[in-house]
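One structure below.
The values are calculated or read from the model by the stated rules, or taken from the named source; none is laboratory data. Values in this document were obtained by computation on a predicted structure and should not be read as measured data. Here the Cβ is made from the backbone with ideal geometry for all residues, glycine too, and neighbour counts use every protein chain on show. When the accessible area is computed, the model is the full protein with side chains, heavy atoms only, and any ligands, DNA or RNA have been set aside. Shrake-Rupley method; radii C 1.70, N 1.55, O 1.52, S 1.80 Å.
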Amino acid sequence: MSTSAPLPPPVSPFSGTPAPSPRGPFVLLNDEPVAESGADLLGVGRAARQLAGLLVASRASTPFTLAVDAGWGMGKSSLMRLVDAELAHAPEVHTVWYNAWTSQGADALEGLIKSVLMRFDRRVLRRALQRISERRALLRAVRAVTTVAAGPLGAAGLVDELWKTLSVNSQARNEMRGAIGELVQEWSQTDDFRPRRLLVVFIDDLDRCPEETVLAVCEAVKVYLDVPGLEFVIGCDRSALAPNGLLRDLSPAASAFMEKIFQTSYRIPVADQQGVRAYIDWCARTVGIDQLLDERLTTMLAERSARNPRRIKRLVNGFVLEATLNPMWDDFAPEAVVRTLLLQYFYPDFYRMVAGAAGSGAGDVIAEFRTYREVRRLLRTPDPIPVAELPTVTRFLREHDLPEQDADGRDATLSRLERQLPSGFPEMVRDQEFTSLIDGLVVLPRSEELLRRLREGAELPAAVEPEPAAYVQSLPPRAQPPAGAYGGMPAGAYGAMPAGAYGAMPAGRAATPRADVAPLRYVRILWVDDHPRNNESLVNAFRAAGAVVRIAEDSAAADAALAVERPTLIVSDIERDGNPREGLEHLARLRRDGRYDGPFVFYAGRVTPERSAVAEELGAHLTSSGPEIELLVLRAAEAERPLP
């Protein structure tokens, strides 16, 4: 398999010579939804026109609810805004917007109903209040009639009076749907309006709300506002609202309830390749980095972002902030910032090795990868290895403790080699966008200095974190750990980690956010590492959260600590005391002698198939990720917490 050639520098169309890399000025993109068809870059305008037409044509079929269904950042709000703009041209169609994220719990019920009532004429509201007053007991009626007759109330005052009257007790609430139905009927079906008037209610960000708010909105829509003349368009990720997502009730009744709320749904399709590339080009031109993205980088950004417009904007804005605010990049071309952030965002495991993850001992991992790619090509060819390239193969095999020749042939040699290399190498070597990204980074001016700084951990660029899952974001503040409480991980971020990400960690109660002041106060961690300064940020965060963390710089010190106290969890490096396998061998001794049988985590910069296999045999977990360490400690805290 041929290797990807380094990309040539951009060429000026006027001189034929390499064009200088621009150094700003840059600008930031906003995250506002598209509100007019002229700004529609992803082609959702056609869907908006058709949806608007269906809503207008279906006014005789009301009430009904349509879900605009899509994941985070995929354009739900933009589509709904464009539908709203189309409806502005339809006769006797009115709209109202309600953002469910702005309310909590029971307030959402009141807020939504009041938002709907505010769209009706004052005369209709006044007559509705009069009708309700006449049906109540004399004292109640006198109070209400007096209030109405006391002076001309505005729409807001009339809506407040209606809500007070309709929500005063359970009996009044039983009458609410009928009263609202009469009000809407009078508003929509008078002789003055042909065709009948229609009110379309847009509800956005429902999937970002806590469970009680979701249920309150559903109650308002289905119990009190389910009347002819009203249509609801609700933007949400239905998978986040499913019983196994935000709504924790797994009963068939819960599923049936949600199906009853949404009579129909429109799933926003992922934009096609051409549309996303055009969107990326627009973003790049707008912020001023269009000269820095070649075809392969654009393809990578489109595919690795899952063609998600918001992720694309976040990454582009991350570049602008990093290039503008971090003085480290004053010494390097802007393209170095772009390629470094793309590497960090889309290949985080590899980036951690490049940036000198704690205890990695990885050296120049980019040089190692590029040499592996060449050695792999030579071992896979049926032809004899050229004499000029044989020293490269021999040296690389020796560096990874492998013999120069394998009796079983080249395929066996390559297989044994790949067990010693970081686990992602065989997949990444086949990823043309990745190899192009690396090759382009290496050939940039002063790339050696940049990689040296990254390896030394100096002035690293700010992390560009993917957005947490919507149902994790929706957790109320009291249910989320404080920002940075566990070593800088964004609050809620651990909830978005994929299931099964915890490897050989023994199963136990799931780690869930708690409202404790010191959520780790029952946790005792023994941390074994001959370079403890590499772990200071994590250790300090765990201690601040209440954990007791004891440091041992070698296996003998760890044995002495174990003789005094059994920890909740042991975190250890692998390479120490001059032995590249000391951590693994130390745990093997502990298990064999019965001195420790609890949770054990290897925190290492290099995660290789061989290391993973040995760790699994020893009942341990192996990771290079700080956030994953945080999650495992949270899980240990839950397992250690006394039952109520």
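Residue-wise test of (1) surrounded by 13 or more Cβ atoms within 10 Å (Cβ to Cβ); (2) at pLDDT below 85.
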position	(1), (2)
Thr165	yes, yes
Gln171	no, yes
Gly181	yes, no
Arg196	yes, yes
Val200	yes, no
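Rundown of residues vs (1) at pLDDT 95 or above; (2) within 31 Å of the chain's Cα centre (by Cα); (3) surrounded by 15 or more Cβ atoms within 10 Å (Cβ to Cβ); (4) not polar (S, T, N, Q), yes/no style:
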site	(1), (2), (3), (4)
Val539	no, yes, yes, yes
Arg550	yes, no, yes, yes
Gly583	yes, no, yes, yes
Arg589	yes, no, no, yes
Arg606	no, yes, yes, yes
Leu618	yes, no, yes, yes
Leu634	no, yes, yes, yes
Find all pairs meeting these conditions: Cβ atoms under 7 angstrom apart; at least six residues apart or on different chains; first residue within segment 93-107 and more than 17 Å from Val233 (Cβ to Cβ); second residue in a helix (DSSP H, G or I) and at pLDDT 75 or above.
Ser103/Gly111; Ser103/Thr213; Gln104/Thr213; Gly105/Glu212; Gly105/Thr213; Gly105/Ala216; Ala106/Ala216
So the check is Cβ under 7 Å with 6+ separation or different chains; which pairs have a first residue in segment 374-396 that's within 15 Å of Arg430 (Cα to Cα) and open to solvent by 60 Å² or more (accessible area, probe 1.4 Å) and a second one that's in a loop (DSSP other than H, G, I, E, B) and aliphatic (A, V, I, L, M)?
Arg377/Met1; Arg380/Met1
How about segment 208-221: which of its residues are in contact (Cβ under 8 Å) with a residue 60 or more places away in the chain, within 22 Å of His94 (Cα to Cα) and either part of a strand (DSSP E or B) or out of contact with any strand residue (DSSP E or B) (no Cβ under 7 Å at 6 or more places or on another chain) (or both)?
Ala220
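Being surrounded by 15 or more Cβ atoms within 10 Å (Cβ to Cβ) and assigned to a helix (DSSP H, G or I) is the requirement here; does Asp411 meet it? Show your work before the answer.
Numbers: surrounded by 15 or more Cβ atoms within 10 Å (Cβ to Cβ): no; assigned to a helix (DSSP H, G or I): yes.
No: the conditions fail for Asp411.
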Could you check segment 65-86 and list, in sequence order, the residues that are within 10 Å of Val233 (Cβ to Cβ) and more than 23 Å from the chain's Cα centre (by Cα)?
Thr65, Leu66, Val83, Asp84
Which one is modelled with the highest pLDDT, of the residues in segment 249-278 that are touching a helix residue (DSSP H, G or I) at 6+ places or on another chain (Cβ under 9 Å) and more than 30 Å from Phe232 (Cα to Cα)?
Arg277
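When you check Ala242 against the structure, is it surrounded by 14 or more Cβ atoms within 10 Å (Cβ to Cβ), over 30 Å from Val316 (Cβ atoms), at pLDDT below 65 and within 23 Å of the chain's Cα centre (by Cα), yes or no?
Working: surrounded by 14 or more Cβ atoms within 10 Å (Cβ to Cβ): yes; over 30 Å from Val316 (Cβ atoms): yes; at pLDDT below 65: yes; within 23 Å of the chain's Cα centre (by Cα): yes.
It is true that Ala242 is surrounded by 14 or more Cβ atoms within 10 Å (Cβ to Cβ), over 30 Å from Val316 (Cβ atoms), at pLDDT below 65 and within 23 Å of the chain's Cα centre (by Cα).
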Taking the residues in segment 303-322 that are more than 12 Å from Leu342 (Cβ to Cβ) and hydrophobic (A, V, I, L, M, F, W, C) as candidates, determine which candidate is nearest to the chain's Cα centre (by Cα).
Ala306
Identify all residues within segment 268-284 that are open to solvent by less than 60 Å² (accessible area, probe 1.4 Å), part of a loop (DSSP other than H, G, I, E, B) and either on the phi > 0 side of the Ramachandran plot or out of contact with any strand residue (DSSP E or B) (no Cβ under 8 Å at 6 or more places or on another chain) (or both); write none if there are none.
Ala271
Could you figure out which of (1) buried (at least 17 other Cβ atoms within 10 Å of the Cβ); (2) touching a helix residue (DSSP H, G or I) at 6+ places or on another chain (Cβ under 9 Å); (3) part of a helix (DSSP H, G or I) isn't true of Ala90?
(3)
